[in-house]
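**Q** Got a structure here, written out as structure tokens. Questions coming.
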Amino acid sequence: MTDQRIGVEEIRARKGGVPLVCLTAYTTPTARLLDPHCDLLLVGDSMAMVLYGLETTRGVTLDTMVAHGQAVMRGSRRACVIVDMPFGTYEESPDQGVESARRIVDESGCQGVKLEGGVDLAETVAAIVAAGIPVFGHIGLLPQKVERRGGFRIQGKDDEGARSVLADAEAIAAAGVFAMVVEGTVEPVAREVTERVAVPTVGIGASPACDGQILVTDDMLGLFNDFTPKFVKRYAELGEATTEAVRAYAEDVRARRFPTDEHVYHIDGGTRS
Ligand code: KIV
């Protein structure tokens, strides 16, 4: 395993090859744990819901994304790190997109940015790419736009929906994305997108045929005890493990079983041990 960071060109070259392993990371300690195993770490705006307890992904600012991007860069040395462009920082005009993207890469040191959108955002994608900033696309179910599209609905179910997802994929591929997330899309459409575009597709609730997969790390670690969407596979039950550990700690403190002699400092001949 090399210490050299994976660049976006290496990600692009993985089209049709060994599937890309991608996960979200928001903090330094998590990035340290994920980095040796992942090709790409996404500092996703899902942090609005996962870390900050907000109802949608819309509540995070550029400053917040930059701060978490810096944290993930500090905790990683191998994976390609991509930071999400938060809602309201790129939709107005290509110039606004370039300015926000430049702030994110300059201030966090990450390899590129991700933004949600297809045909409607292709001009902005092209402008950011022309400014020398790599763009990870995101099509299908777009969490930043769920209110406009009627909630967290699976995309591409009818002919019109399928045509729209395919048109979005082709538009951002032509605009120069190095790869694209395909989220919450019926399997045959995600498969067709993967066949049609020359850049890797990274699926989440999409298709095993995609060129890679991404999940929200907290979901696959089972850190939530409530709802688990169909597309998530839980690889651990850290929510239950945390509850059990905290319950044991609380019992020990109340019963004066913690701390014990081994956890306190003694004065031995003037030195503390
Ligand atoms: O914000 C995020 O975590 C994402 C992934 C779910 C793809 O966009």
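**Q** Restricting attention to region 202-220, report how many residues are in contact (Cβ under 8 Å) with a residue 40 or more places away in the chain, within 17 Å of Ala179 (Cβ to Cβ) and touching a helix residue (DSSP H, G or I) at 6+ places or on another chain (Cβ under 7 Å).
**A** Residues meeting the conditions: 3.
**Q** Which condition number in (1) in contact with a strand residue (DSSP E or B) (Cβ under 8 Å, 6 or more places away or on another chain); (2) within 14 Å of the ligand (Cβ to nearest atom); (3) closer than 23 Å to Leu223 by Cβ is the one that Arg58 fails?
**A** The failed condition is (1).
**Q** Still on this structure, please answer the following. Within region 94-149, restricting attention to residues that are farther than 26 Å from Ser76 by Cβ and polar (S, T, N, Q), which residue is nearest to the chain's Cα centre (by Cα)?
**A** Within region 94-149, the match that is nearest to the chain's Cα centre (by Cα) is Thr124.
**Q** Exactly one of (1) within 14 Å of the ligand (Cβ to nearest atom); (2) within 16 Å of the chain's Cα centre (by Cα) is unmet by Ala71. Its number?
**A** Failing condition for Ala71: (1).
**Q** For the subset of region 112-145 comprising residues that are within 12 Å of the ligand (Cβ to nearest atom) and part of a loop (DSSP other than H, G, I, E, B), which member is surrounded by the fewest Cβ atoms within 10 Å (Cβ to Cβ)?
**A** Only one residue tops the list, namely Leu142.
**Q** In region 35-49, what count of residues is obtained for those that are under 17 Å from Leu141 (Cβ atoms), of a type in the set (A, V, I, L, M) and touching a residue at least 12 places away in the same chain (Cβ under 8 Å)?
**A** Initial filter on region 35-49 (under 17 Å from Leu141 (Cβ atoms)): 42, 44-46, 48-49.
Next cut, of a type in the set (A, V, I, L, M) only: 42, 48-49.
Then drop every residue that is not touching a residue at least 12 places away in the same chain (Cβ under 8 Å), which leaves 42, 48.
The number of residues fulfilling the criteria is 2.
**Q** Looking only at region 8-52, count every residue that is away from the ligand (no atom under 15 Å from the Cβ) and either farther than 18 Å from Val232 by Cα or aliphatic (A, V, I, L, M) (or both) and tell me the total.
**A** Within region 8-52, residues that are away from the ligand (no atom under 15 Å from the Cβ) and either farther than 18 Å from Val232 by Cα or aliphatic (A, V, I, L, M) (or both) number 17.
**Q** Same structure again: I'd like to verify a number: residues in region 152-208 that are buried (at least 23 other Cβ atoms within 10 Å of the Cβ) and modelled with pLDDT under 95, how many?
**A** Matching residues across region 152-208 total 2.
**Q** Confirm whether Pro86 is of a type outside the set (S, T, N, Q), surrounded by 19 or more Cβ atoms within 10 Å (Cβ to Cβ) and within 23 Å of Val182 (Cα to Cα). Let's see the steps before the verdict.
**A** Details: of a type outside the set (S, T, N, Q): yes; surrounded by 19 or more Cβ atoms within 10 Å (Cβ to Cβ): yes; within 23 Å of Val182 (Cα to Cα): yes.
So Pro86 passes the test.
**Q** Please verify whether Ala190 is within 16 Å of the ligand (Cβ to nearest atom) and either among the hydrophobic types (A, V, I, L, M, F, W, C) or in a helix (DSSP H, G or I) (or both), treating the condition exactly as stated.
**A** Working: within 16 Å of the ligand (Cβ to nearest atom): yes; either among the hydrophobic types (A, V, I, L, M, F, W, C) or in a helix (DSSP H, G or I) (or both): yes.
Here the answer is yes, as Ala190 does meet what is asked.
Okay, residues lined up against (1) under 26 Å from Thr24 (Cβ atoms); (2) part of a loop (DSSP other than H, G, I, E, B); (3) within 14 Å of the ligand (Cβ to nearest atom):
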{"position": "Ile214", "(1), (2), (3)": "yes, no, yes"}
{"position": "Tyr235", "(1), (2), (3)": "yes, yes, no"}
{"position": "Val246", "(1), (2), (3)": "yes, no, no"}
{"position": "Tyr249", "(1), (2), (3)": "no, no, no"}
{"position": "Arg256", "(1), (2), (3)": "no, yes, no"}
{"position": "Tyr265", "(1), (2), (3)": "no, yes, no"}
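The values are calculated or read from the model by the stated rules, or taken from the named source; none is laboratory data. These numbers were taken from a predicted model, which means no experiment stands behind them. Cβ atoms come from the backbone with ideal geometry, glycine included; neighbour counts cover every protein chain shown.
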